[in-house]
1. For the ranges A:56-66, A:35-45, what's the packing order if you count other beta-carbon atoms within 10 Å of each residue, average per peptide, and put the highest first?
2. Whole number please: convex hull volume per residue, Cα atoms of chain A, in Å³.
3. Could you check the spin-label model distance between A:Glu355 and A:Ile301? Points 7 Å from the Cα along Cα→Cβ, value in nm.
4. Taking every alpha carbon pair in region A:8-277, what does the distance histogram look like in 10 angstrom bins from 0, in percent?
5. Ranked highest first by average number of other Cβ atoms within 10 Å, how do A:353-361, A:114-122 line up?
6. Figure the gain on full extension for A:His4 and A:Ala288 (residue separation times 0.36 nm, minus the Cα-Cα span) and round it to one decimal in nm.
7. Which percent, to the nearest 5, of DSSP beta bridges fully inside region A:8-277 are antiparallel?
8. Normalised by the empirical 2.2 N^0.38 Å for globular proteins, what value does the Cα Rg of region A:447-495 take?
Amino acid sequence: MSDHTPLYIQNSLSREKELFTPLNAPYVGMYVCGPTVYSNVHLGNVRTFLTFDIVYRHLSFLGYQVRYVRNITDVGHLTGDSDDGEDKIGKKARLENLEPMEIVQKYTNDFHDVMRVFNIERPSIEPSATGHIVEQIEMIKQIIERGYGYEANGSVYFNVRKFNEDFPYGQLSGRKIDDLLNNTRVLDGQDEKNDPLDFALWKKADASHLMKWPSPWSEGFPGWHLECSVMSTKYLGHAFDIHGGGMDLKFPHHECEIAQNAGATGEGNSVGYWMHGNMLTVNGRKMAKSEGNGFTPDELITGNHPLLERGYSPMTVRFFMLQGHYASTLDFSNAALQAAEKGLDRLMKSVEALENLPATSADDNANVPIEDFAQRCANAMGDDFNTPILISVLFDAVKLINNVQDGRTVISQAQKEALETLINGYFFEVLGLQIEGSKEGEESGEAGPLLDLLVQLRSDAKSNQDWSTADSIRKALSDLGVTIKDGKEGSSWNRE
RNA sequence: GGUCCGAUGGCCGAGUGGCUAGGCUCAGCUCUGCAAAAGCUGCUACAGCGGUUCGAAUCCGCUUCGGACCUCCA
């Protein structure tokens, strides 16, 4: 690849940091479990998709050609804690008096809007469960043929105990089948199953069910875990490089996926690297709808939520999340958001200043360690996508840029260009940060020239040592949200 | 109850055997007409108790506290 710095990834399956070696470089196949589109996504969901956005961006940055598949779950996800629960989409459709596909469309649109606002890249393929009913039925047939599935009253279940005789079940989540048996609650509506550990591949639908399809077993719908097995196989093959998702999907969802894929093909887990993003917490507790501590991105931006002192911009939130490592829990708080906001502001101003940074034509006195910066950035991302370390290096670059701007350090034209390449690469491409707000001295419409005029009048007053006029102009502009800065090269203004 | 994870300075948050993480806050200083911005300096921490080691925030054991999963969840 374009970069020789090795990439290490923490593999959930081995619980170790492993050197990343794709099956078919320069191609990389990555599958990430997407949202169930029955309600608005909240900030915790955003964190997971941001995590894999970084993985996707960095792999692309390294020169890999990534096929990134992220699904939309639009059927099969049941409410409640038993397999008798209602389909989430179907339930919402009933409550809102809409066609199920209207629900799906509505919340898929919302999801896409949110992803755009946070500058999270689109996947290469975004398949939906309902678009792959035929393939899911086929995989169920394969599983039955291999003896790992059985039919009961028109539903089909996966025989976990039988599977465990041939393959290790529970490896990913570190569970033993006996422990699971001892600790599984006895739930209602499981009489069809041979064993409480078994999970549904196909569910027979009752008359009131809105979403159902014909199958060899009954008119019904696929089990939740099946879609990911089917769609990852269809678009990435049986064996592919990276499978990602939130930590809370490890068990049972991903464990079931592994079992289904192995059960259908007779080959064990064939995902190279399992990655799990950690949870966003509020006051130390996982953000979740059921906890009532979740808020939507829209509430976050407007500040219209009891937990929020005020609104925060999407880039502030993105930056805040990237200041923590994806594998650690991250605790949300207003103080932390405000700290991130200020830090990002300083970083952005520096990035903006880079373009017009004065550079010396000769290399004589310039001795800026750009190579060192580049290596430190590469090392940070190569160590399991350590964005906090990367950001700390970027802040060292901020210090350098400020020093050059204030004339304390000189930089050559070549070094400046190297630095610009570096910042463009890591700030914009890898971290996916964007400059927010209007740039210094720029304004749409007539305000810009008028502001320039006021600043000029104030400068004139200053040269006449008319401090009261100068200060009253500065105060008046400040009240309008425009900050004046006096530098060696004259005064400039900046709208907050 | 079972399994697993975590506890870092005023706050957030990296770091896994010796070497300054970083951001924010606070105080002082430089610059400046005054500010702002920027820079410099300071506040220098690893839950507690034992152990291993020349040396531990980092390894091992115990204790306390917190969290996640075990059921839908990013």
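The values are calculated or read from the model by the stated rules, or taken from the named source; none is laboratory data. This one's a predicted model, so the numbers in the text were calculated from it and none came from an experiment. Glycine gets a Cβ as well: all are built from the backbone with ideal geometry, and neighbour counts include every protein chain shown. The area values use the complete protein model at the heavy-atom level, side chains included, leaving out ligands, DNA and RNA. Shrake-Rupley method; radii C 1.70, N 1.55, O 1.52, S 1.80 Å.
1. Working: A:56-66: 19.3, A:35-45: 21.4.
The most tightly packed comes first, giving A:35-45, A:56-66.
2. 167 Å³
3. Each label point is offset 7 Å from its Cα along the Cβ direction, giving 2.3 nm.
4. Each 10 Å bin holds this share of Cα pairs: 7, 30, 36, 22, 5, 0.
5. Details: A:353-361: 13.0, A:114-122: 18.1.
The densest-packed peptide leads the list: A:114-122, A:353-361.
6. 98.2 nm
7. Details: 17 of 35 bridges.
Percent antiparallel among DSSP bridges in region A:8-277 is about 50.
8. Working: Rg = 9.9 Å, N = 49, 2.2 N^0.38 = 9.7 Å.
It is 1.02.
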